[in-house]
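Structure first, then comments.
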Amino acid sequence: MLFGYALATIPVFIVLGLVAQLTRSRLARRAMELVLLSGVAAFALALGTLADDAVQWVLVSMLALLFVVGVVLHVRSYSRSA
């Protein structure tokens, strides 16, 4: 359940990031940060419950990659708006 929530936060984070970029809305930016923090917390809890299943580790690797790309885009958006 937590892993599913962590996966679901990725597209929500990306969409809120795009909305924040296009509209320069502080509310969308704060919502994006909350989604990011809750997704990271859920991902950390879900990592503790992973078994030695290869499919789950592939999904975790893909999630980690998407998360890193999202964070990089988020940090770059701060440097562009300053």
Identify which of LEU36, LEU16, LEU65 has the largest mean-square fluctuation in a Gaussian network model of the chain, with springs joining Cα atoms closer than 10 Å.
-> LEU65
What is the Rg over Rh value, at two decimals, for segment 2-81, using alpha-carbon atoms and the Kirkwood definition of Rh?
-> 1.03
Point-to-point label distance, VAL71-TRP57, nm (Cα→Cβ direction, 7 Å offset) | 2.2 nm
In a Gaussian network model of the chain with springs linking alpha carbons closer than 10 Å, the residue among VAL58, VAL12, VAL40 that fluctuates most is VAL58
Counting only C-alpha contacts under 8 Å and six or more residues apart, can you give the relative contact order of segment 2-81 as a whole percent?
-> 37 percent
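Any read-out appearing in this document is the output of simple, stated calculations on the displayed coordinates, not a laboratory observation. Predicted model only: the values in this text are computed from it and were never measured. We place every Cβ from the backbone using ideal geometry, glycine too, and count neighbours over all the protein chains shown.
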